[in-house]
């Protein structure tokens, strides 16, 4: 249970601080400083949690990462279910806190179909698939045991890659690459955020499957 609770706490921190920064900074396509600040907030949240709960649960704090780990044989089906449940619960609690603090009209940092997609849900879906595949691939590689001493810096590598992914993705979808992070705020924001949340569940999960398949092609077995 401690692993699942750790995942709940970690996902709460990621969602609350990342989405909270997006709201506080007024993250919008025309506000470059806010976009950069929001990207950094999400990345630093991952770094902070990696070195806080990494030794307990591995710090997935993302159902897409958990799915990738399941496919590559790093966790059991039981742990996969427990992790995902903890992650979604943590994100929902974060969404509730955001709604209370900022108010629903703030948008709560929820994901949506951005200007870069020209209103096309399929474009948003493809963006989420590609970005999640890249992100999960980094996670699978950075945390692999054959990395040796460089594995000590996995949390930093993952956090920095999430910053890069947000810098690209905010223009299109606000960047999810994490179903839990999208579900939490959407439940309280309602409207289009909730209507379009399927994109940010399906896209990241498909991206995770792609990443796991790519990793299996290049993975080195432990000696």
Which value in deg cm²/dmol, rounded to the nearest 500, describes the helix-derived mean residue ellipticity at 222 nm for the chain, given -39,500 (n - 2.57) per DSSP H run of n ≥ 4 and division by the residue count?
-24000 deg cm²/dmol
Cα centroid of the range 65-124 to Cα centroid of the range 13-28, whole Å
14 Å
For the range 101-173, rounded, prolate or oblate, judged on the Cα gyration tensor with a ≥ b ≥ c (square roots of eigenvalues), a/c < 1.5 rounded, else prolate if a/b > b/c?
oblate
Extension gain residue 145-residue 118, at 0.36 nm per residue separation less the Cα-Cα distance, in nm?
5.5 nm
Which of 150, 11, 38 ends up with the largest GNM mean-square fluctuation for the chain, with Cα atoms connected below 10 Å?
150
Evaluate the Debye formula for the range 32-96 with equal point scatterers sitting on the alpha carbons, no solvent, and hand back log10 of I(q)/I(0) at q = 0.12, 0.13, 0.14, 0.26 Å⁻¹, in q order, two decimals.
-0.37, -0.43, -0.49, -1.15
In a GNM of the chain with a 10 Å cut-off on Cα contacts, which of 64, 96, 133 has the highest mean-square fluctuation?
96
For the pair residue 221 and residue 104, how long in nm is the line joining their label points, each one 7 Å along Cα→Cβ?
5.6 nm
Rounded, prolate or oblate: which one fits the range 1-109, using the alpha carbon gyration tensor with axes a ≥ b ≥ c (rounded when a/c is under 1.5, else prolate when a/b beats b/c, else oblate)?
prolate
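Quick note: the coordinates plus some simple rules give every number you see, no bench work behind them. Note that the structure is a prediction, hence the values are computed from the model and not measured. So basically every Cβ, Gly included, is an ideal-geometry build from the backbone, and we count neighbours across all protein chains shown.
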